[in-house]
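I am attaching a structure below and will ask some questions about it afterwards.
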């Protein structure tokens, strides 16, 4: 499928999901919202995707929501929000349900929904010049794109609340200290580092990664006894996979495992 605001390429198990409407700053407008959902749906339907690299082109990772959607007719702003989040949220939900881990790469500034999107990635690399701005409260808005889950899981509830309420803007080091970012890299090397991590994940035990993502994602909302049983059942499934058998065999033979994702 061809997209206007996104580039999508799957190569050797790694999906490159690239925001590429760079001239206006990769805004999350009507076309982007639809295409993000379509791209996520395409990836979710493929059996060869073992990791996803989310990055962007241009001077910004993304400036966030396209305010022109609201400003041209304020009476329809509420309807525009529902239309846009329908595609965005379905797309994010489908990406998060995949076995494939998601690596985010913020080579430049991110605001609003872009920060929310990055916060839901499994690993986030940031250029040392990148900034991360809450943006919502400045507009009198609440948040979307899983911000309340992603930010809270990364930063903790109290820190996420402060970030959103005070409309904070964090530089890369501050974002790393808060847990929003995992690795800070020089601006010229961040894409290469993120790509290397994504490629490593793309040759890993994909089904085990999927169960790990799901187990951790629900950990704080599940009673301990239920979580323990879910862990046991997940581990039993992993042990029965080809990758599980390969991992045990490689360990006993003192060699590097060669996972197939099955």
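Only the coordinates and a few stated rules stand behind these numbers; no lab work does. Predicted model only: the values in this text are computed from it and were never measured. Counting neighbours? That spans all protein chains shown, and the Cβs are built from the backbone with ideal geometry, glycine included.
So if R0 is 51 Å, what FRET efficiency would residue 71 and residue 225 give, r being the distance between their Cβ atoms, rounded to the nearest 0.05?
My answer for the efficiency is 0.50.
Give, in whole angstrom and from largest to smallest, the semi-axes √(5λ) of the equivalent ellipsoid of segment 206-252, with λ running over the eigenvalues of the Cα gyration tensor.
Result for segment 206-252: semi-axes of 24, 11, 7 Å.
Calculate, in nm to one decimal, what residue 129 and residue 218 gain on full extension: separation in residues at 0.36 nm each, minus their alpha carbon distance.
28.7 nm
Got a sec? How would 248, 102, 6 order by Cβ neighbour count within 10 Å, fewest to most?
Ascending Cβ contact count within 10 Å gives the list 248, 6, 102.
Stretched out fully, how many nm does the piece from residue 41 to residue 78 gain, at 0.36 nm a residue minus the Cα gap?
10.8 nm
Arranged by the count of other C-beta atoms within 10 angstrom, fewest first, what order do 28, 90, 155 take?
Fewest to most other Cβ atoms nearby, the residues stand as 90, 155, 28.
Sorting 192, 11 on the 10 Å Cβ count, fewest up front, what's the list?
11, 192
Percent relative contact order of the chain, based on C-alpha pairs within less than 8 angstrom and at least six residues apart?
17 percent
Further question: Before anything else, pin down the relative contact order of segment 69-131: Cα pairs under 8 Å, at least 6 apart, normalised by residue count, whole percent.
Across segment 69-131, relative contact order equals 29 percent.
Restricting the calculation to Cα positions, tell me the Rg (one decimal) and the Dmax (whole number) of segment 1-112 in Å.
Taking only Cα atoms of segment 1-112, I get Rg and Dmax of 14.1, 47 Å.
Ok, one more. Distance in nm between label sites at residue 1 and residue 174, each 7 Å beyond Cα in the beta-carbon direction?
With each label point 7 Å from Cα toward Cβ, the separation is 3.8 nm.
Still on this structure, please answer the following. With label points built 7 Å along Cα→Cβ from the Cα atoms of residue 16 and residue 167, find their separation and express it in nm.
3.7 nm
Something else now. Once fully extended, how much extra length lies between residue 245 and residue 187, figured as 0.36 nm per residue of separation less the alpha-carbon to alpha-carbon distance?
Gain in length upon complete extension: 16.9 nm.
In a Gaussian network model over the chain where Cα atoms closer than 10 Å are linked, find which of 131, 191, 222 has the largest mean-square fluctuation.
Result: 222 has the largest fluctuation of those listed.
Now for a different question. Using a Gaussian network model of the chain with C-alpha springs under 10 Å, which one of 140, 58, 113 is most mobile by mean-square fluctuation?
Sorting by GNM fluctuation, first place goes to 140.
With an 8 Å cut-off on Cα pairs and a minimum separation of 6 or more residues, tell me the relative contact order of segment 1-98 in percent.
Relative CO of segment 1-98 lands at 34 percent.
Test of understanding: in a Gaussian network model of the chain with alpha carbons linked when under 10 Å, which of 226, 116, 22 would top the mean-square fluctuation ranking?
Looking only at 226, 116, 22, the largest GNM fluctuation is found for 226.
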